[in-house]
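Student: Questions regarding the structure given below will be posed in turn.
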Amino acid sequence: MDGQSLPIVKLDASGHPVHPRKPPVDPATLVHREFLDGPFWQRIPAYKSVDEATFLDHRWQAKKSITQPKKLIEAVQDLVSEEFLADARAGFARAPMSVRVSPYLLSLVDWQNPYDDPIRRQFLPVRSHMLADHPKLDLDSLHEQADAPTEGLTHRYPDKVLFLALDTCPVYCRFCTRSYAVGINTEEVEKVSLKANRMRWDQAFAYIESRPEIEDVVISGGDVYQLRAEHLTDIGHRLLDIKHVRRMRFATKGPAVMPQKLLTDDAWVRALVEVVERGRRMCKEVVVHTHFTHPNEITAISKRAMDRLFQFGVIVRNQSVLQRGVNDSVAVMKHFIKKLSYMNVQPYYVYMHDLVKGAEDMRTTLAVALDLEKQIRGVTAGFNTPTFVVDAPGGGGKRDVHSFEHYNRETGVSVYRSPNVDPDAFYLYFDPIDQLPESGRARWADKAQHDGILEEAIAAARDGQR
Ligand SMILES: *Cc1c(COP(=O)(O)O)cnc(C)c1O
Ligand code: SF4
């Protein structure tokens, strides 16, 4: 080796090495370590005199959740303009999803600028932002019902199943993939019912028991936050007792939208921790999968809640959805994954937004995801770097966004294969039409071209044209 190319270590005045290629960052830029603290909720007129003990009470959070425009107006009062309220009222009336927002989230919205606010965008529809649904959208776009051997159990992959224990949630998200089942009927959608029901559950457990290849069970909903503590225990024990079940995940958006429960619902937390510990003694993994979406949802309350689970030995991973105007910028996504990692929540997946009724304004193009992934990877530990996936409509399951066979940026059609689900099938994802170039929008505007657009994409994929 030529001695001249050896790195030269310089020392500063106090004898510490200075690495000229890696100058220290300005500590002021480490914003992911700052967690909003203090009585921030008192900015909202309705919560002006709510003390900390009340705000931390999960029952108060649930009771005070906003489900109607009237309640929203009562809560925010003169913080917002008449125009915004009229727009929200019209949005509520047109939304396929039920609306339910916790006081916690409501108090984190910047009401000076509600249109651009990332939390408002996820939970409160406004009429003026709504776009026409994509023509290729159908209500159960992931074919969860088609792949269901028993009601509420989806068996798509060889060794794992998705069990929908119930159909309610602590909040309702505008972008919910399960809007075919979750929430109460709306003017737009009559829902499939998946109630917390032992008979239905027993059928699912019997199926899992009958299939020795199943090692992995996702328990979702709705949201397991809504399960009573004793139901959590029953489901947990029943599944752990199936010999071939090795891994379980409880899926809940709760920590992101109502962290209070983890601090004040001791019966529920105890039930969760008991199942996790019982699993550990049996050498089986039981974890929590949650669903944070934006750094603004993460406060000192979230940090305390996540610290509590961590100290109890509960692993928490995060699956978020890529959303336009919410987390589709490099700066937000970097801040977000660093903040999650800082409180020991492992960023696991970022999903492309599914084709969901009434949420077209939330979707981004695949091109956005491809670029974001490139910019994000390397910013922190690999195990805290999410995989960007697309859950291809038609039941192909999750695919790495980069693994497309073909992607036409003009028509916004991408084509995937999924050898472990169906080796012969092609699965298509569709970019939102309003984000396409003029020529692509024109083609979708002509209904007669739709079949051709799809056939052309599949032919290109067969030909190996990326
Ligand atoms: C997401 C999902 C799973 C779990 O998949 P992972 O990639 O292991 O997180 C299992 N079954 C269905 C139907 C799913 O949608
Ligand atoms: S919490 Fe999950 S299941 Fe419930 S509405 Fe939101 S996205 Fe849908």
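The values are calculated or read from the model by the stated rules, or taken from the named source; none is laboratory data. Just so we're clear, the structure is a prediction, and the values are computed from it rather than from any experiment. FYI the Cβ positions are ideal-geometry reconstructions off the backbone, even for glycines, and counts take in every protein chain you see. These accessible areas exclude ligands, DNA and RNA; they are computed on the full protein's heavy atoms, side chains included. Shrake-Rupley method; radii C 1.70, N 1.55, O 1.52, S 1.80 Å.
Student: Given 204, 196, which one is within 16 Å of ligand 1 (Cβ to nearest atom) and either assigned by TED's automatic domain parsing to the domain that holds residue 349 or open to solvent by less than 40 Å² (accessible area, probe 1.4 Å) (or both)? Before the answer, list the steps.
Tutor: Numbers: 196 fails: within 16 Å of ligand 1 (Cβ to nearest atom).
Testing whether each residue is within 16 Å of ligand 1 (Cβ to nearest atom) and either assigned by TED's automatic domain parsing to the domain that holds residue 349 or open to solvent by less than 40 Å² (accessible area, probe 1.4 Å) (or both) leaves just 204.
Student: Starting from residues that are free of Cβ contacts under 8 Å to residues at least 40 places away in the same chain and closer than 29 Å to residue 311 by Cβ, keep the ones in the range 338-387 and report whichever is farthest from the chain's Cα centre (by Cα).
Tutor: Looking at residues that are free of Cβ contacts under 8 Å to residues at least 40 places away in the same chain and closer than 29 Å to residue 311 by Cβ, I get 382.
Student: Kindly indicate whether any position in the range 78-86 is more than 20 Å from residue 113 (Cβ to Cβ) and outside the structural domain of residue 171 (by TED's automatic domain parsing).
Tutor: no
Student: Hey, could you check the range 432-466 for residues that are free of Cβ contacts under 8 Å to residues at least 40 places away in the same chain, in a helix (DSSP H, G or I) and of a type in the set (Asp, Glu) and say which is least open to solvent (accessible area, probe 1.4 Å)?
Tutor: That would be 451.
Student: Looking only at the range 240-283, filter to residues that are polar (S, T, N, Q) and crowded, with 20+ Cβ neighbours inside 10 Å; which one of those is farthest from residue 229 (Cα to Cα)?
Tutor: The extreme case among them is 260.
Student: Could you check how many residues of the range 209-238 are without any contact (Cβ under 8 Å) to a residue 60 or more places away in the chain, hydrophobic (A, V, I, L, M, F, W, C) and within 16 Å of ligand 1 (Cβ to nearest atom)?
Tutor: 4
Student: Would you tally the residues in the range 80-129 being in contact with a Pro (Cβ under 8 Å, 6 or more places away or on another chain) and not in a loop (DSSP other than H, G, I, E, B)?
Tutor: Here the count works out to 10.
Student: If you scan the range 102-118, which residues turn out to be surrounded by 22 or more Cβ atoms within 10 Å (Cβ to Cβ) and either over 27 Å from residue 222 (Cβ atoms) or of a type in the set (S, T, N, Q) (or both)?
Tutor: Result: 102, 107.
Student: If the Cβ limit is 7 Å and pairs must be 6+ apart or interchain, which residue in the range 312-328 that is under 13 Å from residue 256 (Cβ atoms) pairs with which residue that is part of a loop (DSSP other than H, G, I, E, B) and within 14 Å of ligand 1 (Cβ to nearest atom)?
Tutor: 318/291; 319/291; 320/291
Student: Do we have any residue at all in the range 81-101 that's at pLDDT below 90, in contact with a Leu (Cβ under 7 Å, 6 or more places away or on another chain) and surrounded by fewer than 19 Cβ atoms within 10 Å (Cβ to Cβ)?
Tutor: no
Student: Can you tell me which residue is surrounded by the fewest Cβ atoms within 10 Å (Cβ to Cβ) among those in the range 380-430 that are aliphatic (A, V, I, L, M) and within 14 Å of residue 460 (Cβ to Cβ)?
Tutor: As a first pass, look at the range 380-430 and keep what is aliphatic (A, V, I, L, M): 381, 389-390, 392, 401, 413, 415, 421, 425, 428.
The next check asks that each one be within 14 Å of residue 460 (Cβ to Cβ); those that pass are 413, 415, 428.
On the way: 413: 26, 415: 23, 428: 19.
Among those residues, the one meeting the criterion is 428.
Student: To continue, here is another question. Tell me, which strands (runs of 3 or more DSSP E) lie completely within the range 278-387 with 1 or more residues that are modelled with pLDDT under 95 and not charged (D, E, K, R)? Give the derivation first.
Tutor: On the way: elements: 285-290, 316-321, 345-351.
Those strands (runs of 3 or more DSSP E) do not exist here; none qualify.
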